[in-house]
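Trainee: Got a structure here, written out as structure tokens. Questions coming.
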Amino acid sequence: MHVLYFHQYFNTPRGAGGLRSYEFARALLARGHRVTMVCVCDERDPLDLPGPKNASIRRGNIDGIDIIQFNLAYSNHQSLPKRAWIFLQFALRGIGLALTMDYDLLFATSTPLTAGIPGIFAKFLRGKPFVFEVRDLWPELPKAMGVVTNPLVLAGMSILEWMSYHAATACIGLSPGIGEGIARRSRPGLPIAVIPNGADLDLFQPGSRQDLRLKGVAPNEFVAIFTGAHGLANGLDAVLDAAAELRRRGRPDIVLAFIGDGKLKAGLVARAQREGLSNCRFYDPMPKRQLNQVVNCADAGLMILADVPAFYYGTSPNKFFDYISAGLPVVNNYPGWLADLIQTHQCGLAVPPRNPAALADALCQLADNPAKRHQLGQNARRLAETQFARQRLTNIFVNWLESAQSSRLPVGLQKFA
């Protein structure tokens with residue numbers, strides 16, 4: 001089977017982004033399939049492809065994956081209209097590939113929602129099987145966040161969402177809430193698989209705090225890390241609020257390390273400097289094979305999001321699975337399925353949103369109780385191994401695509417973790 005795979009923000013282990021699509025593509029290759037990955041230029045992972053940098057299309061092979069890259073430079077620092085224009089161009093160029101290339105199945109992963117447009121054309125004009133993966137529910141999420149308020153734009157997005165689900169042969173959602181959201185908007189009986197992000201058990205493993213190498217961090221400091229985007233959705237001001245509370249309590253030994261980038265990072269750095277929050281340390285994004293050396297040796301992982309109800313059951317953040325794979329206790333500041341997992345499996349501490357004192361309490365509790373921290377970390381690693389091992393989930397993914405191609409999928413919602 002030849003899979004034409006659309007992922008606008010595709011990354012490899014050499015870059016600083018998530019590896020879900022890379023691992024899924026490699027799993028397809030291992031099963032004897034071919035994969036052509038379609039993406040754009042992403043600052044997080046400048047792919048080493050042949051041809052001039054300014055060519056409209058570059059094509060090459062990375063780790064067995066045939067990659068087609070459109071010269072559409074994307075950055076999360078760009079304005080929303082600029083990013084929307086890139087989303088649309090990616091979809092329009094993708095239609096050309098979907099209508100002309102020789103392949104057996106088209107797979108597209110969002111966000112953005114426009115990633116599914118080539119699949120709609122492939123299904124209706126060529127009769128190709130189309131599997132649509134939903135990483136965030138649009139337009140529910142941007143509407144809930146207040147990022148998109150224009151009623152005409154929201155209506156257009158809603159129509160595109162409906163068309164994507166009704167064109168799809170099958171769908172994949174990354175969390176229980178996403179799977180249920182797809183089911184509400186799709187045709188009855190649409191095959192839907194909930195396949196969350198996975199734990200890279202070989203890359204992220206429990207390490208020793210003595211081996212942590214992070215500039216500006218002393219050996220006797222407790223280090224809680226946040227990895228990933230510094231954007232509106234992440235709500236990182238909540239961590240700075242907790243940092244201010246820790247300073248008032250005289251706890252300079254608890255360090256909050258932010259690793260990543262995003263549109264709001266400069267403002268967060270400025271606020272920390274303005275308020276004298278020396279316990280907040282900011283670092284550039286790191287490739288996975290450098291990031292793991294930090295995560296593996298930290299004391300705790302911060303799972304932070306803005307207090308938006310649509311997030312509670314509708315997200316599947318990579319960082320959570322990195323943390324538990326590394327055996328870190330997770331401090332989570334919003335309710336939902338991850339908070340439920342943390343409480344059920346005793347692998348961290350879940351605190352209410354908008355409560356800096358509770359977040360500070362959780363950090364102090366972990367810093368002051370190494371035995372409890374160790375037990376929670378062991379529970380976290382066990383959860384990663386038993387429910388979220390990457391190899392298990394990639395096998396489920398490949399099985400799902402093979403069944404979609406041969407029209408052998410079970411109807412309705414299927415949950416695999």
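Trainee: Is there a residue in region 370-386 that is hydrophobic (A, V, I, L, M, F, W, C) and open to solvent by 40 Å² or more (accessible area, probe 1.4 Å)?
Mentor: For region 370-386, residues hydrophobic (A, V, I, L, M, F, W, C) and open to solvent by 40 Å² or more (accessible area, probe 1.4 Å): present.
Trainee: Please find, within region 10-27, the residue that is surrounded by the most Cβ atoms within 10 Å (Cβ to Cβ) out of those that are out of contact with any helix residue (DSSP H, G or I) (no Cβ under 6 Å at 6 or more places or on another chain) and not in a loop (DSSP other than H, G, I, E, B).
Mentor: ALA25
Trainee: Additional query: Which residue out of ALA144, ALA168 is closer than 29 Å to LEU338 by Cβ, buried (at least 24 other Cβ atoms within 10 Å of the Cβ), among the hydrophobic types (A, V, I, L, M, F, W, C) and more than 18 Å from the chain's Cα centre (by Cα)?
Mentor: ALA168
Trainee: Scan region 186-241 for residues that are polar (S, T, N, Q) and in contact with a Cys (Cβ under 9 Å, 6 or more places away or on another chain) and jot them down.
Mentor: Passing the criteria: SER186, SER208, GLN210.
Trainee: If a residue has to be more than 16 Å from ASN220 (Cα to Cα) and open to solvent by less than 50 Å² (accessible area, probe 1.4 Å) to count, how many in region 247-260 make the cut?
Mentor: Narrowing region 247-260 to residues more than 16 Å from ASN220 (Cα to Cα): 247-249, 258-260.
If we keep only those that are open to solvent by less than 50 Å² (accessible area, probe 1.4 Å) as well, we get 258-260.
Count: 3.
Trainee: Mind checking which strands (runs of 3 or more DSSP E) fall wholly inside region 226-307 and carry at least 1 residues that are of a type in the set (Lys, Arg)?
Mentor: Result: 280-283.
Trainee: Select the helices (runs of 4 or more DSSP H) contained entirely in region 308-348, then report the ones holding at least 2 residues which are at pLDDT 95 or above and either surrounded by 24 or more Cβ atoms within 10 Å (Cβ to Cβ) or of a type in the set (Lys, Arg) (or both).
Mentor: 318-325, 337-345
For (1) closer than 17 Å to ALA238 by Cβ; (2) at pLDDT 95 or above, each residue gets a yes or a no:
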| position | (1), (2) |
| --- | --- |
| VAL255 | yes, yes |
| PHE258 | yes, yes |
| GLY262 | yes, no |
| ARG271 | yes, yes |
| GLY276 | no, yes |
| TYR283 | no, yes |
| CYS297 | no, yes |
| ALA300 | yes, yes |
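Trainee: Would you please name the residue that is most open to solvent (accessible area, probe 1.4 Å), looking only at residues in region 148-165 that are of a type in the set (A, V, I, L, M, F, W, C) and in contact with a helix residue (DSSP H, G or I) (Cβ under 7 Å, 6 or more places away or on another chain)? I'd like the intermediate steps shown before the answer.
Mentor: Taking region 148-165 first, the residues of a type in the set (A, V, I, L, M, F, W, C) are 148, 152-155, 157, 159-160, 162-163.
If we keep only those that are in contact with a helix residue (DSSP H, G or I) (Cβ under 7 Å, 6 or more places away or on another chain) as well, we get 148, 154, 157, 160, 162-163.
Numbers: VAL148: 20, LEU154: 27, MET157: 28, LEU160: 31, TRP162: 122, MET163: 76 Å².
Only one residue fits best here, namely TRP162.
The values are calculated or read from the model by the stated rules, or taken from the named source; none is laboratory data. This is a predicted model, so every value here is computed, not measured. Backbone-built Cβ (ideal geometry, glycine too); neighbour counts: all protein chains shown. What goes into the accessible areas is simple: the full protein's heavy atoms, side chains included, and nothing from ligands, DNA or RNA. Shrake-Rupley method; radii C 1.70, N 1.55, O 1.52, S 1.80 Å.
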